[in-house]
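The values are calculated or read from the model by the stated rules, or taken from the named source; none is laboratory data. Note that the structure is predicted; figures quoted are calculated from it, not measured. In this analysis, Cβ positions are derived from the backbone assuming ideal geometry, glycine residues included, and neighbour counts consider all displayed protein chains. These area figures cover heavy atoms from the full protein model, side chains too; ligands, DNA and RNA do not enter into them. Shrake-Rupley method; radii C 1.70, N 1.55, O 1.52, S 1.80 Å.
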Amino acid sequence: MPAIAKRSLELNDDSMPVQWESTPDAVRSAGDSTPPRRRLRSNSSPMKLSPISKPMKLESPRKRLSACANPQANGIEKYFTQKKVQTLCKPVEKSVEKLKWNPKDGKQISEVKEALHVSTVPPTVSCREDEQKRVLEFLKQCIEQEKAASLYVCGCPGTGKSLSIEKVKQALVDWAGEAGFEEPDVLALNCSSLTKTSDIFTKILGKDQLPKKVKSKTSSLQLLQNLYSQKPSSSRRKMTLVIADELDFLITKDGAVLHDLFMLTTYQFSRCILIGVANAIDLADRFLPRLQSLNCKPIVITFRAYSYGQILRILQQRLITLPYTVFQPPALELCARKVAAASGDMRKALCICRSAIEILEAEMKESTDNLNSSPVVDAFVEQQTAPAPAPVGKKQEIVVVTIGHMASALSKTFKSPVVDTIQSLPQHQQIILCSAVRLFRGKKKDSTVAQLNKSYIDICKSTLIPPVGIFEFSSMCRVLNDQGLLKLGGQSRDEKLKRVTMNAADEADITFALQGIRFFRNCLQ
């Protein structure tokens, strides 16, 4: 029986592929009536039962494609696969290079601080193109016409006056060489460094004196007046550009020196071009009427305070040269808004950013010291709470200057009693101030206590905080009124109908005081 069963299995195994191959033969030989199984089994040849036919029948098309022995096809498939992987990996590598930032690295910290230092001169002075163009056109006209004239540049501190004049001076020298004019002698000095105010005439005389200087007891001012009153000799004198920075020093110490200085440009044969730079914006109101009566009124160019957008743009241009991201965008925006609202001083904005970096640096150092304080306990805790190993391709969290660090730096610079009072208030009173900011945002200047209470309830519901009753709410509004943050008015006896307005605390103070807490940032949005 086992032999018979074995033979029947062999027959069945042979018959399965043979029957698949017998169909074409039966079609070709239509007159042959012999059963296909007997004929093919008797005439079977090893070629028809070759092992190549079995994989073609039993394996799926996908397996046959993967098992293909064509080296060219496999090579092309491998080429495109590698290309695809490389294409997908390239942007990741670039992003990792741009975001590489380690606040614990002293070298990187020094590079960032240097980029944000006041003494670091940027390649271009942004947001002052119009002012620079006006000054340069004034100087070009004086050089072309060989005419003496005076210019007064004024503006608040940190508005780019001195830096712009320095760039204009370089542009003037380059233009004179290209246009074929003789380069002027340039004298740049700071009036605050002078021992005496009259020393400025000695400095000018040293630049514009004759080749053979005659010693005399005559003052430098008189020598300059005589020099500019007489027709020059055959040897042609060059134009002299005098840039007097911190001109306020001459105003406060000796007013006569200031007038004599501007009078030098009114002489017939004067070759002096004077540019005075000062912070006093009211100099024109205090001194220019008298200068106009003396026929020596200078042209006035005012440098306005930087706006929010200009401060943000300058900060971004200073940081774009770094190969890593240092600040969160909201942190820079907060700094630009606060500085623009306070003074528009770009130097103060740079100092605040440096202070924020120092706060982050101290925070990282403190966390490192706390981590290394108890190695035995830390090792045990690390073993118990060790997280799973991160995937190979996962990025590590990058520590940057956040909005909290910037708020701390701003609070050190712009410390005010109003901000301190707001920060020390209870939570519900702070929520009332946030409600007032949202209620009065826009053109609305005042409202009623009932409407303020409605805004307060909306914030409480959105943050899942139980609101207080109307009587307690009115009591807290009276407390804020006594502290000078809100102002309650009106003759109504009903507390709900009393008018309420913002008093000492405006939107900027409330936003600045509460910006460092995420809860209140969401309330103020």
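Please specify each residue of segment 305-320 satisfying the condition of being under 14 Å from Glu114 (Cα atoms) and aliphatic (A, V, I, L, M).
Leu315, Leu319, Ile320
Val135: touching a strand residue (DSSP E or B) at 6+ places or on another chain (Cβ under 7 Å), at pLDDT 95 or above and surrounded by 14 or more Cβ atoms within 10 Å (Cβ to Cβ), yes or no?
yes
Looking at the structure I just gave you, is Leu433 within 14 Å of Asp509 (Cα to Cα), modelled with pLDDT of 85 or more and in contact with a Leu (Cβ under 8 Å, 6 or more places away or on another chain)?
Against the criterion (within 14 Å of Asp509 (Cα to Cα), modelled with pLDDT of 85 or more and in contact with a Leu (Cβ under 8 Å, 6 or more places away or on another chain)), Leu433 qualifies.
Based on this model, can you work out whether Glu366 counts as in a helix (DSSP H, G or I), modelled with pLDDT under 85 and over 25 Å from Val112 (Cα atoms)?
no
Among residues belonging to segment 230-256 that are at pLDDT 85 or above and open to solvent by less than 10 Å² (accessible area, probe 1.4 Å), point out the one that is farthest from Val277 (Cα to Cα).
Thr240
Exactly one of these conditions fails for Lys297: (1) modelled with pLDDT under 90; (2) outside the structural domain of Leu250 (by the TED database). Give me its number.
It fails just one condition, (2).
Please enumerate the residues belonging to segment 447-468 that are under 36 Å from the mean Cα position of the chain (by Cα) and charged (D, E, K, R).
Once the filter is applied, which keeps residues that are under 36 Å from the mean Cα position of the chain (by Cα) and charged (D, E, K, R), segment 447-468 yields Asp458, Lys461.
Out of all the residues in segment 314-353, which are in contact with a helix residue (DSSP H, G or I) (Cβ under 6 Å, 6 or more places away or on another chain), open to solvent by less than 50 Å² (accessible area, probe 1.4 Å) and among the charged types (D, E, K, R)?
Arg318, Lys338
Any idea which of (1) crowded, with 19+ Cβ neighbours inside 10 Å; (2) free of Cβ contacts under 8 Å to residues at least 60 places away in the same chain is the one Val437 doesn't satisfy?
With (1) crowded, with 19+ Cβ neighbours inside 10 Å; (2) free of Cβ contacts under 8 Å to residues at least 60 places away in the same chain applied to Val437, the lone miss is (2).
Restricting attention to helices (runs of 4 or more DSSP H) lying wholly within segment 422-512, give those where 1 or more residues are farther than 30 Å from His405 by Cβ and of a type in the set (D, E, K, R).
Result: 449-462, 470-482.
Yes or no: segment 453-473 includes at least one residue that is in contact with a strand residue (DSSP E or B) (Cβ under 7 Å, 6 or more places away or on another chain) and modelled with pLDDT of 85 or more.
No, that holds for no residue.
All but one of (1) within 20 Å of Glu131 (Cα to Cα); (2) in contact (Cβ under 8 Å) with a residue 60 or more places away in the chain; (3) open to solvent by less than 80 Å² (accessible area, probe 1.4 Å) hold for Ser307; state the number of the condition that does not hold.
Of everything listed in (1) within 20 Å of Glu131 (Cα to Cα); (2) in contact (Cβ under 8 Å) with a residue 60 or more places away in the chain; (3) open to solvent by less than 80 Å² (accessible area, probe 1.4 Å), Ser307 misses just condition (2).
Report yes if Ile431 is out of contact with any His (no Cβ under 8 Å at 6 or more places or on another chain), of a type outside the set (Gly, Ala, Ser), open to solvent by less than 50 Å² (accessible area, probe 1.4 Å) and within 18 Å of Leu524 (Cβ to Cβ), otherwise no.
Yes: the conditions hold for Ile431.
Select from segment 406-425 the residues that are over 19 Å from Cys351 (Cβ atoms) and not small (Gly, Ala, Ser) and write down the one among them that is surrounded by the fewest Cβ atoms within 10 Å (Cβ to Cβ).
Pro417
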